[in-house]
Each structure stands twice: as C-alpha cells, then as structure tokens.
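Please treat every number below as a calculation from the coordinates, not as lab data. None of the values given here were measured: they were computed from a predicted structure. All Cβ positions, glycine included, derive from the backbone under ideal geometry; neighbour counts span all protein chains shown.
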Amino acid sequence: MSVIYMFWVREIKRYLRSRVQLISSLGQPLLNLLVLGFGMGPMFQRAGDGSYLQFMAPGVIGMTILFTSIFSGFGVLWDRQFGFLKEILVAPVPRLRIMAGRTLGGATVAVMQGLLVTVICVLAGFRPVNLAMVPLALAFMVLIAVVFAAAGVAIGSSTQDMRGLELIMNFLVMPIFFLSGALFPLTGLPRALVMAATADPLSYGIDGMRNALLGAAAAHTQFGTLIDLEVLITVASVLLVLGAYRFSKIEA
C-alpha cells in the first residue's frame, strides 16, 4: 500500500507544481462554454431543447476528465526516459502496485480538474437540478477518470516512442470525445454513429452525469443510470487488468 500511496501522491504533487498545466487545461473547456454554450444556445432553445449550457456542461466536465486522465500515460514514457522507471522496476515491489498508484494518481488529478471546471460551469450559469444527486455525479466523474487513466497507462506501457504515443492518443481521444454526446444529442443520428457512440465508454459517463445533475430535466439522456454504472465499472475493471498486464511486461 505504501508504494501505491507514493505514486498517488507523486502524481498529485506533479500536477500542483505545474501551474502551466493547470491554466492551459482550462483553455478548451472555457472556449467550449463561452463560444458554443452561448453561441449555439439560442438555436438549441428555438429547437425546443431548453438551455444548451445546461445540456453541454456535463459534456465539458467529462471532456476535461477524459483529456487529463488519458494523457497521464505520458508519465510512463517520461519516467522511462529520465531513468526513474528503471529505479522503481528493480526494486522488490510488485509492478501491480506501481501501476495502481500511477492510475489512481492520474485519476485523482483528472477528478480535481473536473471539479475545477464544474465550478467554472456554475459561474457561467449551469445549475444542477437536485443537489442531493451531486455525489452520484462525482461517482461518475471518478469512474470516467479511472477508465481513461487505466487506458492511458496501458497505452503508455505499450509504446516506447513519444511521437508514436501522441499519434495514438490523438487518434483515440478526439473520436471518443465527439462520439460521446458531449456537445450534441445522440438521438436522431445515423445508425452507424449510434452504434459507435454506444461502444464509447465516455458516452455512459456523460449520460450518467446528465441523469444525476439534471434529473427529469435531462431531455437527452440515452441509457439510464444503472446501465451507465454497470458499463463503466465493467470497462474500468477490464482496463485495469489490461493496464496491469501491459505494465508487468514493460522494460525500462
């Protein structure tokens, strides 16, 4: 447990020391809130779908957690290049604990980013319908963070080239984000896009947050809270096992 705690604390300290990362990570959520939230709001309202800011705020929060958690996989390559990973791997410590600490650290940082963006959304005018359901929304934020932090560690453990990792991440992240229903409803889409969105884990995280934060006012929820939880827990378990296996095969 001490190894897991060490890596967990290390990731959080690294994040808190990096003011550039903290500020730059807020750029895209702010852009989406200000440009899309207020720019497309009138059209969304004229279509009879209510407030676009209310609709997209859970999506922006989910986007922030996705980007922060999955890109934590870059830390594996940085540690390998600077020799820190070699020092850890030769220690008599189970690699599963190292991977668990890295994953929990990346997930914690992602949730912190998500909470910060949630505050910005509230300041911009977003209002949860039922405050009693906020803990459930936080649970979905944690599940999203764990899913994609584990995916990031698995991908980072399978790649030795930084440029190759950037290409893989960009190839995965943007489709995952745009197919999740973060910025537009999934209803009325062509069947192929609906099937792709159904296979996207982020779709269930954002759908769960909308259900929790907006309740009956969430006109565009897709799957249902129970299904959202079941899918995310299943995917998180699979990716944690996969990440642990890939990390166990890593060579410093």
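Show me the ranking of peptides 125-138, 236-249, 108-121 by mean Cβ neighbours inside 10 Å, starting with the highest. Spell out each step's value before the answer.
Numbers: 125-138: 15.1, 236-249: 17.5, 108-121: 21.0.
Packing order, densest peptide first, comes out as 108-121, 236-249, 125-138.
Which order do the peptides 56-64, 186-194 take when ranked by the mean count of other beta-carbon atoms within 10 Å per residue, highest first? Mind dumping the intermediate values first?
On the way: 56-64: 27.4, 186-194: 11.8.
Output ranking for 56-64, 186-194: 56-64, 186-194.
Starting from the 7 Å offset along Cα-to-Cβ, what nm value, one decimal, do you get for the label separation of residue 134 and residue 193?
The modelled label-to-label distance comes out at 3.4 nm.
FRET efficiency for residue 230 and residue 26, Cβ-Cβ distance as r, R0 = 30 Å, nearest 0.05? Display every interim value, and only then the final one.
Numbers: r = 32 Å, r/R0 = 1.06.
Rounded to the nearest 0.05, the efficiency is 0.40.
Given a Förster radius of 30 Å and the C-beta distance between residue 34 and residue 238 as r, what FRET efficiency does 1/(1 + (r/R0)^6) yield to the nearest 0.05?
Values: r = 37 Å, r/R0 = 1.23.
E between residue 34 and residue 238, to the nearest 0.05, is 0.20.
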